[in-house]
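Take a look at the structure below.
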Amino acid sequence: MTYTIAEPCIDVKDKACVEECPVDCIYEGERMLYIQPDECVDCGACEPACPVEAIFYEDDVPDEWKEFTPVNAEFFNDDVTGLGSPGGAAKVGAVAKDHPKVASWSS
């Protein structure tokens, strides 16, 4: 299990969660932030730091945003960004790309 960033983050990207993450597993896309599921240690530090309440434990994602659990994981796949598990968002920096669902999301 891991944490998921959902729709409320799109076009907000406050980044308070990034500052709280002890393992640097929250990556920045063009429109939202993504949690790398293999790097997340499930500590939960990011969840209360999010001012728009966009972060949920995987089992607690509201039904309306369940699609964001695979969106977070797929962001790192070869066919989306090719990042895989780079071992830290700070060394990667912002990625000028989003998951296709997020890129086409209409707010």
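Structure summary
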| item | result |
| --- | --- |
| Filtered residues of segment 68-88 (kept if among the charged types (D, E, K, R) and farther than 17 Å from Ile10 by Cα) | Asp78, Asp79 |
| Residue within segment 77-100 that is surrounded by fewer than 18 Cβ atoms within 10 Å (Cβ to Cβ), within 22 Å of Met1 (Cβ to Cβ) and among the polar types (S, T, N, Q) present | yes |
| Segment 50-72 - residue that is out of contact with any strand residue (DSSP E or B) (no Cβ under 7 Å at 6 or more places or on another chain) and closer than 18 Å to Glu30 by Cβ and, of those, surrounded by the most Cβ atoms within 10 Å (Cβ to Cβ) | Val71 |
| Scan of segment 63-83 for residues that are under 13 Å from Tyr34 (Cβ atoms) and not aromatic (Phe, Trp, Tyr), ordered by number | Thr69, Pro70, Val71, Asn72, Ala73, Glu74, Asn77, Val80, Thr81, Leu83 |
| Counted residues, segment 12-46 - those being farther than 11 Å from Thr2 by Cβ, of a type in the set (Val, Ile, Thr) and within 12 Å of the chain's Cα centre (by Cα) | 2 |
| Failed item, numbered, when Cys40 is tested on (1) free of Cβ contacts under 8 Å to residues at least 40 places away in the same chain; (2) outside any loop (DSSP other than H, G, I, E, B) | (2) |
| Subset of segment 43-68 (residues that are touching a Ser or Thr at 6+ places or on another chain (Cβ under 8 Å) and part of a loop (DSSP other than H, G, I, E, B)) | Val61 |
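Residues are listed down the side, and each one gets a yes or a no for (1) more than 17 Å from Ile10 (Cα to Cα); (2) touching a helix residue (DSSP H, G or I) at 6+ places or on another chain (Cβ under 8 Å):
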position: Tyr27; (1), (2): no, yes
position: Pro37; (1), (2): yes, yes
position: Asp42; (1), (2): yes, no
position: Cys46; (1), (2): no, yes
position: Ile55; (1), (2): no, yes
position: Asp60; (1), (2): yes, no
position: Lys66; (1), (2): no, no
position: Ala90; (1), (2): yes, no
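FYI, it's all coordinate maths here, none of it is from the lab. In this text the structure is predicted, and so the values were computed from the model without any measurement. Every residue, glycine among them, receives a Cβ derived from its backbone with ideal geometry; neighbour counts consider all protein chains shown.
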